[in-house]
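For reference, the structure is listed below as structure tokens.
The values are calculated or read from the model by the stated rules, or taken from the named source; none is laboratory data. Everything numeric here is computed off the predicted structure, so don't read it as measured data. When we count neighbours, we look across all protein chains shown, and the Cβ atoms used for this are built from the backbone with ideal geometry, even at glycine. The accessibility values were calculated without ligands, DNA or RNA, using every heavy atom of the protein model including side chains. Shrake-Rupley method; radii C 1.70, N 1.55, O 1.52, S 1.80 Å.
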Amino acid sequence: MSRDQFLFLPLGGAGEIGMNLNLFGFRDRWLMVDLGITFGNSSTPGIDVVTPDPRFIAERRDKLDGLVLTHAHEDHLGAVVYLWPRLQCPIYATGFTASVLRRKLSEAGLEEEVSVTLVDVGMPFDIGPFNIELVRLTHSIPEPNALVIRTPLGSVFHTGDWKLDPDPLIGEAVDEAAIRRIGDDGVLALIGDSTNIFNAGRSGSEASVRESLKTLVARYQGRVAIAAFASNVARLETIAEVATATGRHAALCGRSLWRMNDVARENGYLRNIPSFLTEEEASHLPRDKVLIACTGSQGESRAALARIASDTHPRIVLNEGDTVIFSSRKIPGNELAISRLQNMLVHRGIEIVTESDHFVHVSGHPARDELIDMYRWIQPQIAVPVHGERLHLHEHARLARRCQVPQALVATNGDMVRLAPGPAQVVETVHAGRLAVEGDNLLPIDGPVVRERRRLMFNGAVMATVIVDCSGNLLDEAIVTLAGLGGEDDEKDDALYQNVTTAITDAIDELSPNTRRADNVLERAARGAIRRVIRKETGKKPITDVHVVRLTPELITSAEA
């Protein structure tokens, strides 16, 4: 890297929504902004949490001066506990974000090792050759901040996640004056959120949701549960206010809600609302006197709402005539899990209300008119869209050009962008993979372990034990186990099993006496026979494992006796 270049390198969150990891380079030093996770899906069996692969910067960690966290959402700080040992750099955050992070570090046993420095909005500070200023925005969590990253080659305005909420309820409104001042000072590049680029107009205000929920909850006589993102502290306050306005008591159901409640109160939020009821306390109230905030709006199988829907929650019960309000949006990729959860609720006679039925949610990301305002205020020379899939990034780039931004460049994970000097362009492509969290291990998503799991999930497996004498002659029919193959018909299963064992016998019998003396030859012959039969009869290509057991004459005699 030339010392005379100002570089931007996304390793996560560009070309996808979630798992943000952004790097800025200058004078052979690096600054990281955010370090988040995403979640596993049907393509990653057995994997719940996925992180970006930090290999590029981990190999240069002696040149990494620090990590700045824009806010406390999982897709922006959730990977710190998994990846910090590979990076070992200082971390900078505002109070609320630091409190969330410290709880995670404590659970991981890293609290004493990791240096977390509190920083104030609007007070510039230096990290290596970078001068940083945090700028107050609004989002669906307290203390979201944009970053101004200043170098002698120019300044970058990195938005993080944001919206323009005129009445945010929790925290202060967007610092428009500061943003305009920064734009007037001159901004080289805006690195910006693309999540809602296809949404016209504005994202809406939390205050409007509060009034709408008051009207909605007042309609119901039974028990009402509201599923919302735990990190949306303003929505927690809204649920408390709605409960009071409708003659109910607000309760929290789910550990992450209680954790966020504690962090919020620790940092001066939720001061004006009474303490929430526990699950135990809520369970004893009349059904028309309780309003329950629940985790699990995305269909998470271990969250509170999933256990309530399956009637396995130890304290909270919903019955026919009760209501669940999904005060959230569907995160892409979670549609099937959410649909499964909602079907479970409906099957039990529980009414569900979603954002398609009633005004129950506003997004935390900017719609098109808000993006236009931001470009008008910042007036950057370059736009680099992030936090979106490729469709989002290209549409965001088109909008930036219509906002008279001289250059809009689409870059995805691994694309190293030179912001200055000269026109912005991708100057190099580096490794940008994904790591699966597996206990204490981090496994490459495209590595052999996860790849074999996928194959096992879709194609099944066959295990065979072949018992031969010293000369390689079969002593008995092969012992075969078929996993994830066959069907519901026992006769067909028996036929498939017999066809496989017969094919193994025929394949070994066809070998010459000399070649049978090598175990690897026997394994290869049996494996080929198994695969041919399974492919012909099921169309599958299973994982196939063959063990050769070779018995000596003494063992054969002993076994016969």
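E351 passes all but one of (1) of a type outside the set (G, A, S); (2) under 27 Å from E16 (Cα atoms); (3) touching a Ser or Thr at 6+ places or on another chain (Cβ under 6 Å); which number fails?
(2)
Every residue, every condition in (1) open to solvent by 50 Å² or more (accessible area, probe 1.4 Å); (2) among the polar types (S, T, N, Q); (3) over 28 Å from the mean Cα position of the chain (by Cα), yes or no:
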position	(1), (2), (3)
R259	yes, no, no
V263	no, no, no
R271	yes, no, yes
S275	yes, yes, yes
E281	yes, no, yes
T312	yes, yes, no
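Give the number of residues within region 444-488 that are under 34 Å from the mean Cα position of the chain (by Cα), modelled with pLDDT of 90 or more and of a type in the set (A, V, I, L, M). Give the steps one after another, and end with the answer.
Of region 444-488, the ones under 34 Å from the mean Cα position of the chain (by Cα) are 444-462, 483-485.
Cutting the leftovers down to modelled with pLDDT of 90 or more gives us 444, 461-462.
Now narrow it down to the ones that are of a type in the set (A, V, I, L, M): 461-462.
Total satisfying the criteria: 2.
Residues to consider are S106, S203, S99, S140; find the one that is under 23 Å from the mean Cα position of the chain (by Cα) and without any contact (Cβ under 8 Å) to a residue 12 or more places away in the chain. Lay out the reasoning, then the answer.
Working: S203 fails: without any contact (Cβ under 8 Å) to a residue 12 or more places away in the chain; S99 fails: without any contact (Cβ under 8 Å) to a residue 12 or more places away in the chain; S140 fails: without any contact (Cβ under 8 Å) to a residue 12 or more places away in the chain.
From the options S106, S203, S99, S140, the qualifying one is S106.
Taking region 84-93 as the search range and keeping residues that are in contact with an Asp or Glu (Cβ under 9 Å, 6 or more places away or on another chain) and surrounded by fewer than 23 Cβ atoms within 10 Å (Cβ to Cβ), which one is nearest to P144 (Cα to Cα)?
Within region 84-93, the subset in contact with an Asp or Glu (Cβ under 9 Å, 6 or more places away or on another chain) is 84-85, 88-90, 93.
Restricting the remaining residues to those that are surrounded by fewer than 23 Cβ atoms within 10 Å (Cβ to Cβ) gives 84-85, 88-90.
Working: W84: 22, P85: 26, Q88: 24, C89: 22, P90: 20 Å.
For region 84-93, the residue satisfying everything is P90.
Output the qualifying pairs, or none if there are none: Cβ atoms under 6 angstrom, residues six or more apart or on different chains, first residue in region 527-544 and farther than 13 Å from V480 by Cβ, second residue open to solvent by 80 Å² or more (accessible area, probe 1.4 Å).
If the second residue must be open to solvent by 80 Å² or more (accessible area, probe 1.4 Å), the pairs left are I543/R455; I543/L456.
Starting from region 434-461, take each residue that is farther than 22 Å from N20 by Cα and list its partners that are β-branched (V, I, T) and exposed (fewer than 14 other Cβ atoms within 10 Å of the Cβ), counting only C-beta distances under 9 angstrom and pairs at least six apart or across chains.
From region 434-461, the pairs are A461/T481.
Collect the residues in region 386-410 that are under 17 Å from L9 (Cα atoms) and part of a helix (DSSP H, G or I), keeping them in residue-number order. Can you show your working first?
Within region 386-410, the subset under 17 Å from L9 (Cα atoms) is 386-390, 393, 408-410.
Hits for region 386-410 are R390, L393.
Quick check on my filter: what residues within region 333-380 are among the hydrophobic types (A, V, I, L, M, F, W, C), within 28 Å of F39 (Cα to Cα) and not in a loop (DSSP other than H, G, I, E, B)? I'd like the intermediate steps shown before the answer.
Residues of region 333-380 among the hydrophobic types (A, V, I, L, M, F, W, C): 336-338, 341, 344-346, 350, 352-353, 359-360, 362, 367, 371-372, 374, 377-378.
Keeping just the survivors that are within 28 Å of F39 (Cα to Cα) gives 336-338, 341, 344-346, 352-353, 359-360, 362, 367, 371.
L336, A337, I338, L341, M344, L345, V346, I352, V353, L371, listed by residue number.
Of the residues in region 20-40, how many are outside any strand (DSSP E or B) and hydrophobic (A, V, I, L, M, F, W, C)?
Count: 1.
In region 320-339, how many are modelled with pLDDT under 95, of a type in the set (D, E, K, R) and exposed (fewer than 15 other Cβ atoms within 10 Å of the Cβ)?
The number of residues fulfilling the criteria is 1.
State which residue pairs qualify: first residue closer than 18 Å to T246 by Cβ and part of a loop (DSSP other than H, G, I, E, B) and inside region 263-289, second residue open to solvent by 40 Å² or more (accessible area, probe 1.4 Å) and among the acidic types (D, E) in any location, beta carbons under 8 Å apart, and separation of 6 or more residues or different chains.
Partner pairs satisfying both residue conditions: I273/E241.
Would you tally the residues in region 57-67 being in contact (Cβ under 8 Å) with a residue 24 or more places away in the chain and open to solvent by 20 Å² or more (accessible area, probe 1.4 Å)?
To start, the set of residues in region 57-67 that are in contact (Cβ under 8 Å) with a residue 24 or more places away in the chain comprises 57-58, 60-61, 63-67.
From the residues that got through so far, the ones that are open to solvent by 20 Å² or more (accessible area, probe 1.4 Å) too are 58, 60-61, 63, 65.
So the count comes out to 5.
Which one is farthest from G472 (Cα to Cα) among residues in region 517-536 that are surrounded by 11 or more Cβ atoms within 10 Å (Cβ to Cβ) and either at pLDDT below 90 or out of contact with any helix residue (DSSP H, G or I) (no Cβ under 8 Å at 6 or more places or on another chain) (or both)?
Start the filter on region 517-536 by keeping residues that are surrounded by 11 or more Cβ atoms within 10 Å (Cβ to Cβ), which leaves 517-519, 521-535.
Pick out the ones that are also either at pLDDT below 90 or out of contact with any helix residue (DSSP H, G or I) (no Cβ under 8 Å at 6 or more places or on another chain) (or both) and you get 517-519, 523-524, 527, 531, 535.
Numbers: R517: 5, A518: 8, D519: 8, E523: 11, R524: 13, R527: 16, R531: 21, R535: 27 Å.
Residue satisfying both the conditions and the ranking: R535.
Residue by residue through region 340-353, note down the ones that are open to solvent by 10 Å² or more (accessible area, probe 1.4 Å), within 28 Å of the chain's Cα centre (by Cα) and either closer than 20 Å to E279 by Cβ or polar (S, T, N, Q) (or both).
At the first step, the residues of region 340-353 found to be open to solvent by 10 Å² or more (accessible area, probe 1.4 Å) are 340, 342-344, 346-349, 351-352.
Next cut, within 28 Å of the chain's Cα centre (by Cα) only: 340, 342-344, 346, 352.
Selection gives Q342, N343, M344.
Which of the following residues is closer than 26 Å to A264 by Cα and hydrophobic (A, V, I, L, M, F, W, C): V187, V209? Quick ask: steps written out before the conclusion?
Numbers: V187 fails: closer than 26 Å to A264 by Cα.
Among V187, V209, only V209 is closer than 26 Å to A264 by Cα and hydrophobic (A, V, I, L, M, F, W, C).
Only one of these conditions is not met by E111: (1) out of contact with any strand residue (DSSP E or B) (no Cβ under 8 Å at 6 or more places or on another chain); (2) outside any loop (DSSP other than H, G, I, E, B). Which number is it?
(2)
Could you list all residues from region 125-140 that are within 24 Å of N272 (Cα to Cα), in a strand (DSSP E or B) and open to solvent by 10 Å² or more (accessible area, probe 1.4 Å)? First the steps, then the outcome.
Step one: filter region 125-140 for residues within 24 Å of N272 (Cα to Cα), giving 136-140.
From the residues that got through so far, the ones that are in a strand (DSSP E or B) too are 136, 138.
Scanning region 125-140 gives a single hit, R136.
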